[in-house]
Amino acid sequence: MMSRKETKALTPLPNLTDLPPLGMDVHSLVEDFRRYYTYTLGRDRHCRSAHYAYSALVLGVRDRLMERWKATRYAYEAADARQAYYLSLEFLMGRTLGNALLNLGLSGDAPLALQCLGLELEEIAEAEHDAGLGNGGLGRLAACFLDSCATLKLPVTGYGIRYEYGMFRQTIVDGHQVEEPDHWLREGNPWEIERPEYIQRIRFGGRTEFYRDRDGVLRGRWVDSRDVLAVPFDIPIPGYDNGTVNTLRLWKSEATEEFDLGEFNAGLYPESVAAKNAAENITMVLYPNDASESGKELRLRQQYFLASASLQDVLARWIGTNGEDFSRFAEKNVFQLNDTHPSCCVPELMRLLMDEHRFGWDQAWKITTATLAYTNHTLLPEALEKWPVRLFRTLLPRLLEIIYEINARYLAEVARRWPGDTERQRRMSLIEEGPEPMVRMAYLAIVGSFSVNGVAALHSRLLTEGLFRDFYELWPEKFNNKTNGVTPRRWLAGCNPALAGLISEKIGEGWVADLFQLARLAPLADDPEFRERWAEVKRQNKEHLARMVKDECRIDFHPDALFDVQVKRIHEYKRQLLNILHVIHLYDRIKRGESDGWVDRCVLIGGKAAPGYLMAKSIIKLINNVAQVINEDPEVGGKLKVVFFPDYRVTAMEVIAPGTDLSEQISTAGKEASGTGNMKFMMNGAVTIGTLDGANIEIREEVGDENFFLFGLSAEQVQERRRSYDPETIIAADDDLRRVMQLLECGHFNQFEPGIFDAIIAAIRNPGDMWMTAADFRSYLEAQREAAAAYKDRERWTRMSILNTAASGKFSTDRTMIDYNRDIWRLEQISPFPVK
Ligand code: 26Q
């Protein structure tokens with residue numbers, strides 16, 4: 001590997017980058033494609049690989065983004081705009097091409113241009129790998145936020161990590177999940193621009209030294225550290241039809257020049273290469289856990305690496321224009337922390353201001369707590385991040401000192417507010433005492449931020465009543481709700497062109513950037529002709545989904561059947577188990593000849609399990625075994641089909657959501673912070689069967705309870721019932737559940753694999769079952785029966801479908817970003833300079 005050397009500085013001519021705008025017509029696209037394909041990529045008509053056609057197209061599209069990118073940056077600079085930075089360990093972007101074409105207004109002309117060359121866009125687009133730099137909801141939310149911020153012309157930059165390996169690819173072998181590495185960058189990534197001119201240096205290890213600076217002030221300084229470089233790669237984020245292009249900056253770790261082989265004693269050659277590797281390992285792989293993984297040093301390195309690189313980048317830009325005058329820094333900058341993962345920002349910003357920019361504690365604290373804001377994404381106490389103090393001491397010693405100082409000063413405030421309440425001080429301390437003392441990252445984030453928000457109304461309320469109650473009592477003004485959303489560009493206009501076309505035909509195209517306009521569809525639910533067309537589009541989308549299921553799972557889904565879908569990470573609280581118990585019940589009814597008034601159903605379940613989460617992996621195995629028994633039974637036939645769809649990811653959801661009738665949102669109430677898949681399904685005209693959890697509550701409020709299949713205990717009832725929960729009695733009193741348990745327990749689905757589902761069975765029967773699967777079984781069955789009856793009445797179902805899409809306006813991330821901006825960021829919308 002070459003080291004990074006300074007190149008000689010140039011004085012560029014003023015007109016070096018002044019160029020006429022690129023054509024946005026079919027002819028210009030064709031010409032550019034040919035030039036890139038032939039000269040830049042050096043291919044000709046003998047080349048059969050879709051990769052090069054894809055690359056040639058992307059290079060042409062990227063040029064058009066590039067000129068808007070510059071025009072946007074200049075406009076932000078000229079306005080001296082206040083800017084926000086969205087810091088996230090995850091950005092689950094999926095594919096970029098289709099979205100870039102849509103937002104640039106090229107989704108009509110690009111396919112025509114390719115047609116002129118005898119190529120098909122759909123086929124070429126398949127060559128793009130998903131950028132799977134996230135686990136699930138939190139990562140995809142970050143991606144949707146970026147799209148909406150660009151669309152709203154908000155000066156927001158995303159900061160993340162450029163993982164060499166993204167979310168693992170999931171294959172299913174004998175019904176078990178098998179993980180394969182996702183080397184998504186192997187064929188290069190034409191969307192990224194490396195920017196070595198903005199490299200930052202990140203410290204690890206070492207110790208603190210105290211010294212007197214030139215004014216005689218005592219200061220700390222981090223010495224004997226082992227340093228790593230952070231190299232930025234920028235990805236353009238276009239707004240919809242508005243000329244704005246924002247930036248997602250992803251950091252890659254590299255060894256510093258000190259690791260250069262030449263500088264090492266020849267005898268230490270292997271050690272020096274190993275040390276270099278350790279530096280470059282930091283950004284090697286995404287942790288595939290969607291709940292915190294305890295104690296892994298490399299993960300803490302990643303978190304600090306992102307926090308430090310991003311803060312230093314913003315500070316360097318500030319100093320570039322303002323010198324060391326930070327008086328207006330907090331006025332002009334705000335950092336949004338996506339969960340606690342980047343919460344090292346709290347002590348790191350303090351360190352940078354004090355140790356590197358000579359601030360005193362109070363001034364530094366003022367700036368820190370005026371610029372950081374924290375979003376929480378979980379209610380599960382066990383998922384709150386904690387790191388061993390011991391690990392901080394060796395890896396980030398200077399940060400630990402600062403955390404202790406923050407803690408001492410803030411606990412003094414707690415003591416002033418509640419004198420003598422030592423129990424409360426212990427509870428609220430940033431340090432959890434015990435045999436292995438831990439840093440409580442959520443508390444650190446709350447103390448260091450001026451805003452703390454949850455992601456749905458129920459979630460935000462439960463945070464202030466439960467998990468963060470003490471903090472709410474201390475600082476009620478910090479707490480607020482920001483209900484999640486999804487971007488309608490990807491999740492309706494992009495993934496469902498047939499439905500988007502029908503909608504635009506009736507109400508115009510304004511809805512794409514103003515989703516509340518979908519409300520104008522509601523009256524059309526009474527128009528039989530419109531319903532007919534709506535149903536026809538849904539049918540086409542179901543055929544498309546059925547083809548994908550056939551290709552992936554070798555099972556036939558008939559589009560007349562009710563398509564019943566649950567896709568999300570596999571987790572006990574999300575209760576894929578409840579879904580499969582219902583499937584077993586349907587099978588039991590067929591086998592017992594109880595199929596009067598039957599409604600044919602195709603059940604699709606998909607999602608990844610964290611590799612170390614054994615229960616989640618058993619649930620995948622159970623779904624696969626149940627599917628096999630049902631699909632192979634000729635007596636069941638077309639009445640019921642079940643698949644476990646492998647490798648669920650962004651690109652799969654783009655086919656799944658448009659083809660779904662019934663959206664399963666069945667978490668134990670009080671456990672799902674928000675959910676966002678629920679919103680994608682609703683937007684695409686699926687009806688929800690769900691509990692009163694997360695954003696389901698707001699979905700039901702918007703669409704009306706007659707257009708939503710509600711079941712199950714409320715969050716309050718769950719709490720209440722926990723004390724006397726007795727699944728044995730529930731099972732004994734419910735013939736349907738008893739028979740389902742009997743089928744499971746007699747080994748009907750694991751004839752040749754004795755005992756493999758024992759842990760699952762025990763969990764259902766356990767009075768301590770946190771997820772209370774048996775408690776909601778009966779009510780779930782009844783809701784499912786209602787859903788089937790509603791589906792049978794095609795007119796009624798289509799009406800419900802239309803009304804769901806019509807009521808989905810609130811769940812656009814445009815609305816979410818307007819809320820963040822009004823209450824937290826307070827940015828001005830800034831129009832880019834025209835591309836001339
Ligand atoms: C933390 C530390 C170490 C390793 C991994 C992690 C980690 C990684 C990812 C912890 C949590 C996550 C992801 C959480 C997540 O996706 N939460 C979901 O966020 C969505 C967006 O707000 C909500 O809609 C979902 O309800 C919530 O579960």
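What follows draws every value from the coordinates through simple rules; no lab data is involved. The shown structure was predicted, so the numbers you read here are calculated from the model rather than taken from an experiment. Every residue, glycine among them, receives a Cβ derived from its backbone with ideal geometry; neighbour counts consider all protein chains shown.
Rounded to the nearest whole Hz, the Karplus-based 3J(HN,Hα) values (6.51 cos²θ - 1.76 cosθ + 1.60, θ = phi - 60°) of the range 53-66 follow the sequence 5, 4, 4, 4, 5, 4, 4, x, 5, 4, 4, 6, 5, 4, with x at glycine and proline. For the range 247-345, trypsin sites (Lys or Arg not before Pro) meeting the loop criterion (DSSP other than H, G, I, E, B) and having at most 12 other Cβ atoms within 10 Å: R328.
Counting other C-beta atoms within 10 Å, which of F210, F644, F204 has the fewest, and how do the rest follow? Could you put the intermediate results ahead of the total?
Working: F210 8, F644 29, F204 22.
Least crowded to most crowded, the residues run F210, F204, F644.
Spin-label model, E356 to E258: label points 7 Å out along the Cα-to-beta-carbon direction sit 1.6 nm apart. In this structure, the amide hydrogen of F335, modeled 1.01 Å from its nitrogen in the peptide plane, lies closer than 5 angstrom to those of Y85, L372, A373, counting only residues at least 5 positions away or on a different chain. The Cα center of the range 750-799 and the Cα center of the range 591-626 differ in position by 10 Å. Taking 0.36 nm per residue of sequence separation and removing the Cα-Cα distance, the K70/D25 pair yields an extension gain of 14.1 nm.
Each part gets one Cα centre, and for the range 366-390 versus the range 552-573 those centres are 35 Å apart.
Using 13 Å as the cut-off for backbone N distance, which residues of the range 433-466 belong to the label zone defined by a point 7 Å from the Cα of W418 along Cα→Cβ? Backbone N within reach: 466. For T256, the amide hydrogen comes within under 5 Å of the amide hydrogens of L229, counting only partners 5 or more places away or on other chains and with H modelled in the peptide plane.
Among rounded, prolate and oblate, which fits the range 1-125 when a ≥ b ≥ c are the square roots of the eigenvalues of its C-alpha gyration tensor, a/c under 1.5 means rounded, and a/b larger than b/c means prolate? Because a/c hits 1.5 or more and a/b exceeds b/c, the range 1-125 counts as prolate. Amide H contacts under 5 Å for D600: L562, restricted to partners 5 or more places along the chain or on a different chain, H placed in the peptide plane at 1.01 Å from N. Compute the separation of the alpha-carbon centres of the range 107-123 and the range 486-531 and state it in Å as a whole number. The range 107-123 and the range 486-531 have Cα centres spaced 25 Å from each other.
Within the chain, antiparallel bridges make up roughly 45 percent of the DSSP beta bridges whose residues both belong there. Taking other Cβ atoms within 10 Å as a rough exposure proxy, L117, L430 sort from fewest to most as L117, L430. Each 5 Å bin from zero up to the one holding the largest Cα-Cα distance in the range 282-386 carries the following percent of pairs: 2, 11, 21, 22, 16, 12, 9, 5, 1. Exactly which trypsin sites (Lys or Arg not before Pro) in the range 162-197 are in a DSSP loop and have at most 15 other Cβ atoms within 10 Å? Sparse-neighbourhood loop trypsin sites (Lys or Arg not before Pro): R186.
Taking label points 7 Å from Cα along the Cα-to-Cβ direction, K296 and I818 give a separation of 4.0 nm.
Given R₀ = 30 Å, what would the calculated FRET efficiency be for A762 paired with A789, taking r from the Cβ atoms and rounding to 0.05?
Numbers: r = 35 Å, r/R0 = 1.15.
Efficiency computed from Cβ-Cβ geometry: 0.30.
In the chain, the calculated helix contribution to ellipticity at 222 nm averages -13500 deg cm²/dmol per residue, counting -39,500 (n - 2.57) for every DSSP H run with n ≥ 4. Would you mind classifying the range 632-684 by shape? Square roots of the alpha carbon gyration tensor eigenvalues, ordered a ≥ b ≥ c; an a/c under 1.5 is rounded, otherwise it is prolate if a/b is larger than b/c and oblate if not. Because a/c hits 1.5 or more and a/b exceeds b/c, the range 632-684 counts as prolate. Phi-derived couplings, Karplus 6.51 cos²θ - 1.76 cosθ + 1.60 at θ = phi - 60°, listed residue by residue for the range 689-697: 10, x, 8, 7, 9, x, 6, 3, 4 Hz, with x used for Gly and Pro. Put a dot 7 Å past the Cα of H558, heading toward its Cβ, do the same for K617, and the two dots end up 3.8 nm apart. Applying both filters, DSSP loop and at most 15 other Cβ atoms within 10 Å, to the GluC sites (Glu not before Pro) of the range 451-536 gives E509.
Computed from phi, the 3J(HN,Hα) profile of the range 577-590 under the Karplus parametrisation 6.51, -1.76, 1.60 (θ = phi - 60°) reads 4, 4, 4, 6, 5, 5, 4, 5, 4, 4, 4, 4, 5, 4 Hz, with x in place of Gly and Pro. Could you tell me whether the range 337-447 comes out rounded, prolate or oblate from its Cα gyration tensor? Rule is a ≥ b ≥ c as square roots of the eigenvalues, rounded for a/c under 1.5, then prolate if a/b exceeds b/c, otherwise oblate. Rounded.
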